[in-house]
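Just so it is clear, none of the values below were taken in a lab; they were calculated from the coordinates. Nothing here was measured: the structure is a model prediction, and the numbers come from that model. For neighbour counting, all protein chains shown are included, and Cβ atoms are generated from backbone atoms with ideal geometry for every residue, glycine included.
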Amino acid sequence: MFKKVLIANRGEIARRIIRTCKRLNVQTVAVYSEADAASLHVKDADEAYCVGKPPVAQSYLNIDRILEIAQESGADAVHPGYGLLSENADFAKRCTEAGLTFIGPSVDVIASMGSKLEARKTMKAAGVPIVEGVETPIANVEEAVAIAARLGYPVMLKASAGGGGIGMQLVENSEELAKAFEGNQKRAQSFFGDGTMYMERFIANPHHVEVQIIADHHGNVVPLFERECSIQRRNQKVVEEAPSPFISDETRERMLEASVKAAKHIGYVNAGTIEYLVDANQQFYFLEMNTRLQVEHPVTEEITKLDLVEEQLKIAAKLPLTFTRESIRKEGHAIEVRIYAENPSTFFPSPGIITALELPQGEGIRHECGVEADSTVTPFYDPMISKLIVWGNTRAIACERLIQALQTYKVEGIQTNIPMLLKTVTHEQFLKGNTTTKFVDEYYLPQLAQSK
C-alpha cells in the first residue's frame, strides 16, 4: 500500500478519500486554493499546501503546481477524485512521468473514453448497443442539417469532449439546429478546449441507468450492480439510487454482461462507470463511460458493503480483487440526494456564508459533507456542498428515511435545493420508482409554476 497520497481535489470528495486513507494508515496531502484555506478537507489532511488563487484554472487545474506539491511532500500516489483533473489524460500521464501512481485507469483508456465520439466507436466494436448517430466529427452546420434529416427529428446535438450537459442540446427542426450548432460548438471549445460536435437520434423519456464496474491488473472485472440516475436538472444528476427500481432482473443481467464485455475490451483497470439510456421497452444504449469514481458511488457502497476508495487504492497498488461477481450480493436499497447551494426555483448558485448547519441523524443515514457552520460557499466552484445518503432493507424504508432526513436538514445563510428535493422524493412518481430524465420538466417545474 502507498505511504502518502496527494488528493488533487477539494470539498466532500477530498474528505471522503482522506477518511479511507486514515483507516488504512496512509498519510494524506491536501491541496487548496486561497479561497479554500479554511476548508474542512484542509483540516482533515496530514499536510496541506496552497495550490493557487481562487479561479479553478489557477488552482485545482494547475497541473505544474500540483506535481510540485506532490514532489515536495513526498507523495507516492495521486487520487484525483471526480471532476477537475480526474479524467484529464495529460494529468495522468504527467503523474506517471513524475514517478507517481495515478489512482485510476491507464492514460490511453482515459483519452479514448474522454472523447464521446471515440467512446461510441469503441463500444460499438465491443458489441455494446449504441444510439443511432454518427461516429465522425460534424464539420459544419450544413453537414449537421443533412445528418439530422437522415436520422429524423428530434435529435441530440452533443459536444464530444467534457460533460455536465455543456454543449448538448435537443433540437426539433433544421432552423433550431442552424442556431444551436455554432453556439454549442463555441461553448464546448470555451469549456473544454475542444469544439468537436456529433449527433444522435433522440430517445424520448429515457431512464438514465449506469453500471459500476471495478477491475484489477490481473484480468478480474466485477460489475457492482447499477444505479438509477434519471432525476436531473440541466442535464446534471440530483437524485441517484441503487438498485434501479425500473429495470427487470433480465435487463439487469444483460447490462452487467455488456459492461463487463466493454471493460475487458478496452483493458479497463480501477473503478469506472458505464452509463446507459434505457427506453420504455428496456432496450439500453451506451451513453458514455466515466473513467473515475462517481459522485454517486456511496449508494453502491451501501448495497455492496464495499469501500470503493479502498478498492481503488488496492488496485493501484497492483493487488488483486478479493471478491468475485458471484460473491457480491446486493443488500437493501440506497438513495443519494445532492445538496446544492442554489436557488431551488431557478437553480442558480447561492454563494455566501453558512450561518447554521445541522445534519439529520438516525439509522441508515450517511453524510458526505464538505462544509460546516461558518463555511463560505464561494462562487468559484461547483455549488454542491454535501450529499445525503440513506439505506433501508427495502426501497420503501429508504424513501421514508430520506423524507424524514430532508425535513430535518437545516442549512441557514444560503439557499439550497432541499425544497426541490423534498418535492421530488415525496412525489408519487418517485415513490412508485417511475422517473425518467424528464421528471423535473414534467413534474417539478409545472408544480413550481402553479405555486407562484
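Numbers at a glance
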| item | result |
| --- | --- |
| Ranking of Y49, Y381 by count of other Cβ atoms within 10 Å, fewest first | Y49, Y381 |
| Shape of segment 304-357, Cα gyration tensor, a/c cut at 1.5 | prolate |
| Inter-centroid distance (Cα atoms) of segment 374-411 relative to segment 277-351, Å | 16 |
| Ascending count of other beta-carbon atoms within 10 Å, so fewest first, for H367, H79 | H367, H79 |
| Dipole moment magnitude, nearest 20 debye, segment 132-201 about Cα centre, only Lys, Arg, Asp, Glu C-beta charged | 180 |
| 19 Å reach of a label modelled at R23, 7 Å along Cα-to-Cβ, counting backbone N of segment 314-331 | 314-317, 319-324, 328-331 |
| Charge-dipole axis of segment 132-201 as Lys and Arg at +1 and Asp and Glu at -1 on Cβ define it, positive-most pick from S160, Y198, I138 | S160 |
| Calculated FRET efficiency for the pair N235/F323, C-beta based, R₀ 41 Å, to 0.05 | 0.75 |
| Pairwise FRET efficiency - L359 versus S248, Cβ, R0 = 22 Å, nearest 0.05 | 0.05 |
| Charge-dipole axis of segment 207-451 as Lys and Arg at +1 and Asp and Glu at -1 on Cβ define it, positive-most pick from Y444, Q404, V269 | V269 |
| Gyration tensor (alpha-carbon) shape descriptor, segment 322-406, a/c threshold 1.5 | prolate |
| Debye, to nearest 20: dipole size of the chain, +1 on Lys, Arg Cβ, -1 on Asp, Glu Cβ | 260 |
